[in-house]
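The values are calculated or read from the model by the stated rules, or taken from the named source; none is laboratory data. Note that this is a predicted model, so its numbers are computed, not measured. Please note: Cβ atoms are built from the backbone with ideal geometry, for glycine as well, and neighbour counts cover all protein chains shown.
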Amino acid sequence: MSSQSDIAAFIQETPLVDTHEHMRREEVYLDESPDILSQLFQNYVGADLFGAGASQEALDNLFDSSNPDVAARFAPIQEAWARTQHTGYGEAVRIIAKELYAIDELTPDSIAAAQEKNDALNQPGERLRLLRDEANLDHIQTDAFSIQVTPELSGPDFFFNDISWAAMCSGQPNHEEIAEHTGQEITDLYSLRLVMETIFQKFSTPAIAVKAQHAYNRTLRWQERSDDEAARALDVYLRDGEEIEESARLCLGDWCWARGVELCIEHDLPMKLHTGYYAGHSRMPVDYIRSGNLCPLLAKYPDARFVLMHIAYPYTEELVALAKHYPNVYADLCWAWSINPYSSMEFVRRFIHAAPANKLFLFGGDTGYPGAALAYAKQARTWFTRVMQAEISDGLLTESQAIDLARRYMRDNQYECFRVDAKKEILRAAVAQ
Ligand SMILES: [Zn+2]
């Protein structure tokens, strides 16, 4: 450890909690067996490549794994890659290339030459090994876009899942999914309430949290809605379905969202909310996504635990203020390091000196493949180490104070907020039965 400071070594060696992924299940991953170009690029970087001038056709070819000629699929995006490689997304791709394939520079030839290494990544158990042993993650929390949560046999106390509340908050509860997982039907507000209670009765015990990313299709501005208003809005939805008018959709969404928060309180689950930046490109209405839109909801439910994801980038300073002001607000750096590592670094430094130490979660990869999550974890550790070394060298923290904070941000805060010890027990017992 002679060349490394204590804080750098601590950040490397401490198992990191991963609060947000869309990790494919073992059987899905093995079935899909992603090829080298999928492992490298099937993540957020596609949006940056498009922004850098790659055509949609070139990107579709890049991801077309039915064509085994990987050099020919990469060549048309090589210039866009040259323009993208220094973004946070691009940096993560370079880490994947290095860590999984020992590639220093991505070229058609280097990718073709490394292709043979890919088979070893798509073997049973490799997904867990990459995430737990290579990425040194404590556990991961996945949003599988489903109201259903079942233990994962491939690592029952490692793979946790959220209950998705996105369709509810969007004011578009999914009839088919609800019928499949609850056996119930929504015919009026009373039956909608019953459906929600059934979802929590069935899935809140194995679930680690409730999650909603409705900021992708509506404003985060919430307002209280009466049962009468919501019943009228539900009538419109039952009649018009996806064609439901905006005002009715927001009304029903707000009502379902609030009932979800109440059930979270009753069942002792945090509610994770997407705030800030959008995946993809060319469609982000910035006024939807600010965490400040949530203030009426945060004030209404002091007993809830709200995890505001992605540091609400680019409205990061506002989130520091919310985490400082509202005891029920936690800020989560999931996905943030790769969206903008420099902003994330500044966010942590501002947070340290403004908000309580129990309110920040350091990491979530927000991706579907283990190799990408490994790269995002490495990226987060690298930038976080820069943060803590800067704090120490500026005389703002001692080394031992930095280590104490790192332990909280990397692990202890998440254990407390998500009741991780108890959840691990529950899932181990469920699988042992
Ligand atoms: Zn996500």
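Scan region 168-197 for residues that are among the hydrophobic types (A, V, I, L, M, F, W, C), out of contact with any helix residue (DSSP H, G or I) (no Cβ under 6 Å at 6 or more places or on another chain) and farther than 16 Å from Leu263 by Cα and jot them down. Break it down into steps so the answer makes sense when it comes.
In the first step, residues of region 168-197 are kept if they are among the hydrophobic types (A, V, I, L, M, F, W, C); the result is 168-169, 178-179, 186, 189, 192, 194-196.
Applying the additional criterion that residues be out of contact with any helix residue (DSSP H, G or I) (no Cβ under 6 Å at 6 or more places or on another chain) yields 179, 192, 194.
Once the filter is applied, which keeps residues that are among the hydrophobic types (A, V, I, L, M, F, W, C), out of contact with any helix residue (DSSP H, G or I) (no Cβ under 6 Å at 6 or more places or on another chain) and farther than 16 Å from Leu263 by Cα, region 168-197 yields only Ala179.
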Filter result (touching a Pro at 6+ places or on another chain (Cβ under 6 Å) and more than 30 Å from Cys256 (Cα to Cα)) within region 132-167 = Asn136, Asp138
query = How many residues does region 218-236 hold that are crowded, with 17+ Cβ neighbours inside 10 Å and either under 25 Å from Arg283 (Cα atoms) or modelled with pLDDT under 95 (or both)?
reply = 3
request  = Determine whether Leu121 is assigned to a helix (DSSP H, G or I) and of a type in the set (A, V, I, L, M).
outcome  = yes
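Looking at Ala97, Ala71, Ala9, Ala82, which one is farther than 26 Å from Tyr342 by Cβ and more than 16 Å from the ligand (Cβ to nearest atom)?
Just one listed residue meets the conditions, Ala71.
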ask   = Looking at (1) more than 16 Å from the ligand (Cβ to nearest atom); (2) of a type in the set (A, V, I, L, M); (3) out of contact with any strand residue (DSSP E or B) (no Cβ under 6 Å at 6 or more places or on another chain), which is the only condition Leu333 fails?
value = (1)
inquiry  = Looking at Leu269, Leu333, Leu322, Leu308, can you tell me which residue is over 18 Å from the mean Cα position of the chain (by Cα) and not aromatic (Phe, Trp, Tyr)?
reply    = Leu322
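Could you tell me whether any residue of region 237-245 is assigned by TED's automatic domain parsing to the domain that holds Tyr415, away from the ligand (no atom under 16 Å from the Cβ) and within 22 Å of Val329 (Cα to Cα)?
Filtering region 237-245 for residues assigned by TED's automatic domain parsing to the domain that holds Tyr415 gives 237-245.
Checking the rest, the ones that are also away from the ligand (no atom under 16 Å from the Cβ) come to 237-245.
Right, trim to within 22 Å of Val329 (Cα to Cα) and you get none.
No, because not a single residue in region 237-245 is assigned by TED's automatic domain parsing to the domain that holds Tyr415, away from the ligand (no atom under 16 Å from the Cβ) and within 22 Å of Val329 (Cα to Cα).
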Considering residues of region 33-53 that are assigned to a loop (DSSP other than H, G, I, E, B) and among the small types (Gly, Ala, Ser) only, the residue surrounded by the most Cβ atoms within 10 Å (Cβ to Cβ) = Ala52
ask   = Can you name the number of the only condition in (1) touching a His at 6+ places or on another chain (Cβ under 9 Å); (2) in a loop (DSSP other than H, G, I, E, B) that Ser66 fails?
value = (1)
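Can you name the residue in region 18-54 that is aliphatic (A, V, I, L, M) and more than 16 Å from the ligand (Cβ to nearest atom) and, of all such residues, is farthest from Asn413 (Cα to Cα)?
Within region 18-54, the subset aliphatic (A, V, I, L, M) is 23, 28, 30, 36-37, 40, 45, 47, 49, 52, 54.
Then keep just the ones that are more than 16 Å from the ligand (Cβ to nearest atom); that gives 28, 30, 36-37, 40, 49, 52, 54.
Working: Val28: 31, Leu30: 33, Ile36: 36, Leu37: 36, Leu40: 31, Leu49: 35, Ala52: 38, Ala54: 41 Å.
The qualifying residue farthest from Asn413 (Cα to Cα) is Ala54.
Could you check region 292-330 and list, in sequence order, the residues that are within 16 Å of the ligand (Cβ to nearest atom) and of a type in the set (Ser, Thr, Tyr)?
Answer for region 292-330, where residues must be within 16 Å of the ligand (Cβ to nearest atom) and of a type in the set (Ser, Thr, Tyr): just Tyr313.
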inquiry  = Taking the criterion of being within 16 Å of the ligand (Cβ to nearest atom) and either free of Cβ contacts under 8 Å to residues at least 60 places away in the same chain or crowded, with 16+ Cβ neighbours inside 10 Å (or both), would at least one residue in region 100-118 satisfy it?
reply    = no
